[in-house]
Every structure is written in structure tokens, then in C-alpha cells.
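Notes follow once the structure below has been shown.
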Amino acid sequence: MSDMAVYSFESDAVTQRRLNRIYLSALLLVMAAGAFLRFWNLGHHSLWLDEAWLAKTLVTSTNLSDVVFKGHGPPNSTPFLTSIFIHYLTRMFGGSEFVLRFIPALFSIGAIAAIYGLVRELGGMRPTALLAAGFTAIHPVAIFYAQELKQYAGDTFWLPLFMIMTLAFVRRPGWRSAIALSVGGILALGFSQIVILAYPGAAMFLFLSAIRRKKDSERGVSRPKMVQSLMVIAIWICVSLLLYHFILQHQSSNSLLRFWRRLFPASAWPSDLWPHVSTQMWKFFTWFFGSRPSWAAIGAAVGIAYLLIRRLSMTFLHIVVLWLFALGMSVVHVFPFGAERVNLYMFPMVVCAAVFGVEAFARVIGSIVAFPPLRLRWFAKRGDVVANVLVLVFLVFISCVRAPGAFRKQLSSPKGKEELRPLVEELYAGFKEGDLVIVLDGGTKQAFDYYTRDRPFDYHMLNSKNKKKDAVVRSIEKLAEGHGRVWIPITRLSRRFSNRLFEMLAEKWPSLVVFDRYGARLARFDERPELRHLSASEFDVVVPNRENQASKLKDGDPKSRWSSKGPRQGGWHIDVQLAQPTDVRIITLTAPTNPKDWSSELHVSYELSSGDGWHSEGVTVFEAPRTVFYFDPSVGPVRSVRIVNFETVGKYHWSIHELDIWTTAQADNATTRSMPSDD
């Protein structure tokens, strides 16, 4: 070998090492960004129904049998190794939301590297693999499920890792790698039941690779021996049967299957096959790529075709077969371990298809510019360089377009689930002996039980399912008798149902206060002496602008409203002038349920009949869509009230539907009380 050839070889080796370090650094940077997006709000939000149901099982169970199988209702369908790991993690660090969600978030971060490795194993360029990693890091579906106490984030990690191990064994066969693949496949199944769907394709790929061993060895390509492949396949089959017999069959139930089939009714087969297939395919891509997935679907189709042309058996057995499994399960509605979200296990395959579509387009453009008749000499034999550059440019473009929104969402407005934890803290702070807690649905019961496990409440379970609202109100009224204060936490009832229920409760108990946190709400009312509602003729309202609409605040029509002329300004105030000095006890402002349309910074002052200026002592404010102002009985007769807004908002107006006033009903008119004379 000439000195020039040796120098060229060494130079290429140095260049490759430099490139490896650059791409490794880039991958670590992408993983760091993905970790930030997943960990930033990991413990910020309360556990919602499914999470609380599982958390209660994992935290309160005292033996591994309960951890793996037991559920508070249906059996625990979470992969048994995931359940065990989270159980012992909570034993060491407590049952906070961050600890419970830590392992799913860790799996989701690992999925970034696993999908990068899978693209490389499938023959993708390093920029293509980096594009797949970046797409995974900032994808909203991946981030959403990384912050949930469920198995779905684990599916996105263990499935591509299992495929990497299979492809690596075929590329570098040996007894050690055969044992590693056998153990790795079992471990992956323990953390993700859905990996079992990848077993058939992987087993067929190992078998075909062993058959081609003699032919490939003539070309200097090593392949696993047939006995090695058969050993791995046999171990998978035996362990899968054992796991099914002892664990998996006990983690599902007829009640779960009926529940999922009720949500997704079974299709007619085969007459309606194509409509269901086309609908599920569109849902599939919409789920991953947003409301307009056409371009993404085209790119993924090109990517699959590109992979099939380059690596037919590998692509078909590892990607297409899995895709057909997912599609088939969605069409015929077979959900042994989850409903439509079973499609999430296809996330790595969708990412691979999409990024290989980008690589295919880049290679086409690279081959065009490198075509000799174009006389672009520098590009001759450099089509791969052009393709790499184009994929990197696309990566930068996607990062600039998508990454800021992903970071902004996590920093400002992360996912909105039921926020029951702060409402339970409010309940703990205000609950007194003699109070009553009423739970209206089983979903709320699960989350409420978890958050009150250390200091449990005695509550009454009033199942409102399939009951009319007036019947629910009558039941609440009967239960409330003899109690000082009634608390009603709600997470799973529809907002429309709960809104109407609160309106009916407010008619009977004007002191009703509703604390609203996303999908969770906490209603509270006092069993106070009978109050009298002031009629519209007994007071006047002066608003800061649009005075011609002030009458809408007291017209008794919940659909009409006063709305400010412009966005809310600090210092705006509403004056209430009473016809005669009155013992005011409660004033309520009913605003739109959208929190942007009601002020959360209100101050109330009042003027007594004595005319000695404005006072604010003895008034308690509870701000919500139905804001309530409590006046202590020690406050004397009031002749005017001022409600001041301190919140300045540059976009949203101040809107109020109704302003209602309640006073004591001990006499026909509160002004009949004799007032002390100046003497």
C-alpha cells in the first residue's frame, strides 16, 4: 500500500472519529432538551383518574402480588416490571407525582436514543437518525405520555430497543449475543406487553437470516447459526407462555374488554372493512401529525417504500408487520391492555417511516445534482454529502418551527388535567367537625381516595350516574341536613352537567362557592339561616362603562351579560347602591366559565348607614366563575358596596352575567332594625 493510500485511510479514520464525536454530542444535546421538556412539569399536575387508580395500587399495596395483579376495581393491567420498579421507588422516595411519573419519563428520554439507534440499524444516515431523535424529543404525543403514570412511554422505548438487539444479533452473531437477545427480549416484555407483537416478525427474521447464512458467508457476511436462532426463538416462546399463564391472563378482565368495546363498538366484518381501515389510518396519522397529516402520511409512505427497496425482509418483518398489527387491533377493536392508545406503540415506526421519507427525498436531490451531464464536478461522487446536508437543513428547519412551541407550552401552559390536589388542600384547610363530603362518581372517588390516603375523610358516596340533576339535588339536600358545611369534589362529571348542577344548588344555597382547576372542581356551601334575595328594584348598579348594559346584571336572565368596553383595567369598579341600608350577607358575581372573562383580583369595600367612610373589614372573597363575597354578621347595615378590579389584562374584557344580593330574612326588610342614635 502506497504512502498516499495509507495517509488517505488514516485521514478518513480521523474524520470519522470526529464526526462520531460531533453526532454523539448532538444526540446528547437533543436528549437533554427532551429531558427538560419531560421533567420540567413532571410533578406539577395532579394525578388524574387512571393515574390515581394505579398510584393507589402501587403505593398502598404491601406485597408484590397486589402490586402486580390487584386493582381498585379492574385488575392492574400495567406491565409487571414497571409496577414493581415504581412500587419500590415510592417506598424509597414517597408517593409524590414526580416520583410516580419518573420511570415513564425516563423511558421516554431513553426512547430518543433508542429511535436514533434503530434508524442507524436500519441503514439510515446519521443526520436522519438525529432528525428522528429530535422529532421524538419535541413531539407533543411523546411528551404528553412521558408525563403520565402509565405504560405507554415504556412502549416507545422497549420496542425499538428490542428491534435494535435483534438486528445487532444478526449483524454480529454469537452465543453471547444470542443469550443477550434472549434475556433482552424477556426483559422488554416485562416492561411492555406490546413487545410480544414484535416477536413473530423478529423470529421470522432470525430464521430467514440463519437460512441465508451459507450464502451470505460466501460474500464475507456473518450470520447467526440456525441453532442460535432456534434457541432464542424457543426461549421467547417458552417464557411468553409462562408469563401468560402466571401473569398476563390475570391482568385483563371481561369488564375491561367490555369497557373498551363500549367505547369503540365492534365493526361489521368484512363488509365494512375498508371504511374502518381508511378511518383508522386517518385517525392514526392525525394522532401523530396533527389535524392536517396529508404531507406526513405521504412522507411516511415514501419512507416505507424506500426502506422496502433497500432492506425488504428487515423492513417488512420489523415495521410493516407491526403496523398491520396496530391497524388490525384498531379495526376489530381488540384492546387487551389499552384502548385506542395501543397505537402509541407504533410511534417509533411512524417516526422511522417519516424520517426515511425525508432521507429518500434528500438522496433523490443529491443524485440529481451529482448527475454528470449537469457538469457540477464538485458534486460528482458526492451525492451522499448533499443528502446529508439537506437532511441537516431539514432538521434545523423543524427545530426552529416546532421546538419553540414545545418549550413555550411546557413553560407556560402545560397539559390541563384534573387538578384535584390543590382542591384537596383547600378542603383540608377549611374542613371542620360536622362538615360533610359528598362524592358523586367513581372516578372522583379513585383520585380523592389517593390524595386523602394519609388523612382520610369519611365521605358519602352518592352515585349520580344515570340520575337526573333534580334528583341529585334532592339527595344532596337530604344529606346536608344537620351539617355545618358541605363539600362536593368533582373530576369526572361532564362540565355541562356540573354547571347545571351548581346552578340548581346555588338557588337553594346562595353561599355556594366553586373552586375550579381545569377538569377538577370543588363545590362548597354552608347550611346558614334562611336568606332573602333582593329584587332588582331594591338596588342600583353603576358600571365603569357601557352604562346602558348595567341593567343586565340584575335582570335575572343568566344568558344576558354586561361586558366592558375594552380589556380589563386595574382600578375599574362596580358600585352597588342599595335603596335602603340593608344587612347584606352575600353578594355573588356570576361570570362566564372561561377564566379569561372574569377577574381574579377583586377587592370589596362597603359604606355603612352611618356614613363614616369606606370599610373592608369582615368581608371574605372567593374568586371563581361564580365569585362570592361573604359579609360577616358583625358588619352593620350597608347602604353601598364597591367592587374594585385590580387586574389589568391587555386582551380580555370584564364580563358578568348576574349580580345577586342576599340579606337576612328575619324581617320583611332589614331596614326595620332600629339604628342607634348619635346620642
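The values are calculated or read from the model by the stated rules, or taken from the named source; none is laboratory data. Here the structure is a predicted model, which means the values were calculated and not measured. Quick reminder, even Gly has a Cβ in these numbers, built from the backbone with ideal geometry, and neighbours come from all protein chains shown. Just the protein is used for accessible areas: all its heavy atoms, side chains included, with ligands, DNA and RNA removed. Shrake-Rupley method; radii C 1.70, N 1.55, O 1.52, S 1.80 Å.
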(Q) Restricting to segment 511-543, count the residues that are more than 31 Å from the chain's Cα centre (by Cα) and either at pLDDT 85 or above or part of a strand (DSSP E or B) (or both). (A) 15
Q: Enumerate the helices (runs of 4 or more DSSP H) found wholly within segment 112-213, keeping only those where 3 or more residues are among the β-branched types (Val, Ile, Thr), farther than 29 Å from Phe39 by Cβ and at pLDDT 90 or above.
A: 175-191
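Listed here are the residues, each with its yes/no results for (1) touching a helix residue (DSSP H, G or I) at 6+ places or on another chain (Cβ under 9 Å); (2) polar (S, T, N, Q); (3) more than 30 Å from Arg453 (Cα to Cα).
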{"position": "Phe102", "(1), (2), (3)": "yes, no, no"}
{"position": "Pro160", "(1), (2), (3)": "yes, no, yes"}
{"position": "Leu187", "(1), (2), (3)": "yes, no, yes"}
{"position": "Ser192", "(1), (2), (3)": "yes, yes, no"}
Q. Among (1) under 13 Å from Thr663 (Cα atoms); (2) touching a Ser or Thr at 6+ places or on another chain (Cβ under 6 Å); (3) open to solvent by less than 50 Å² (accessible area, probe 1.4 Å), where does Val635 come up short?
A. (2)
**Q.** Options Lys508, Lys469, Lys465; residue that is basic (Lys, Arg), open to solvent by less than 80 Å² (accessible area, probe 1.4 Å) and free of Cβ contacts under 8 Å to residues at least 40 places away in the same chain
**A.** Lys469
Q: Mind listing whichever residues of segment 480-497 are open to solvent by 30 Å² or more (accessible area, probe 1.4 Å) and in contact with a strand residue (DSSP E or B) (Cβ under 6 Å, 6 or more places away or on another chain)?
A: His483, Arg485
Q | Pick from segment 140-158, criterion touching a helix residue (DSSP H, G or I) at 6+ places or on another chain (Cβ under 8 Å) and open to solvent by 30 Å² or more (accessible area, probe 1.4 Å), ranking: farthest from Leu122 (Cα to Cα) | A | Pro140
Q: Give the residue that is nearest to Leu553 (Cα to Cα), with candidates limited to residues of segment 620-632 that are part of a loop (DSSP other than H, G, I, E, B) and open to solvent by less than 30 Å² (accessible area, probe 1.4 Å).
A: Pro625
Q. Going through segment 423-438 one residue at a time, which ones are more than 24 Å from Ser464 (Cβ to Cβ) and within 25 Å of the chain's Cα centre (by Cα)?
A. Glu425
Q | Extreme residue, nearest to the chain's Cα centre (by Cα), among residues of segment 444-500 that are basic (Lys, Arg) and under 21 Å from Val424 (Cα atoms) | A | Arg492
Q) Which of the residues spanning segment 37-66 are assigned to a helix (DSSP H, G or I), over 22 Å from Val424 (Cα atoms), modelled with pLDDT of 85 or more and open to solvent by 30 Å² or more (accessible area, probe 1.4 Å)? A) Phe39
Q) Just for segment 427-451: of the residues that are touching a helix residue (DSSP H, G or I) at 6+ places or on another chain (Cβ under 6 Å) and hydroxyl-bearing (Ser, Thr, Tyr), which one is least open to solvent (accessible area, probe 1.4 Å)? A) Tyr450
Q: Could you grab me the full set of residues in segment 209-225 that are surrounded by fewer than 16 Cβ atoms within 10 Å (Cβ to Cβ) and either within 27 Å of Phe325 (Cα to Cα) or small (Gly, Ala, Ser) (or both)?
A: Ile211, Arg212, Ser217, Gly220, Ser222
**Q.** Cross-chain or 6+ apart pairs with Cβ under 7 Å, segment 58-70 first and more than 21 Å from Ser96 (Cβ to Cβ), then in a helix (DSSP H, G or I) and small (Gly, Ala, Ser)
**A.** Val68/Ser83
Q | Residue count for segment 638-663, restricted to those that are open to solvent by 40 Å² or more (accessible area, probe 1.4 Å), farther than 26 Å from Arg521 by Cβ and either part of a loop (DSSP other than H, G, I, E, B) or among the hydroxyl-bearing types (Ser, Thr, Tyr) (or both) | A | 2
Q. Out of (1) farther than 25 Å from Ile643 by Cβ; (2) touching a strand residue (DSSP E or B) at 6+ places or on another chain (Cβ under 7 Å); (3) without any contact (Cβ under 8 Å) to a residue 60 or more places away in the chain, what's the single condition that is false for Asp526?
A. (1)
Q | Filter result for the condition that a residue is within 15 Å of Lys150 (Cβ to Cβ) and touching a residue at least 40 places away in the same chain (Cβ under 8 Å), over Leu118, Leu81, Leu131 | A | Leu81
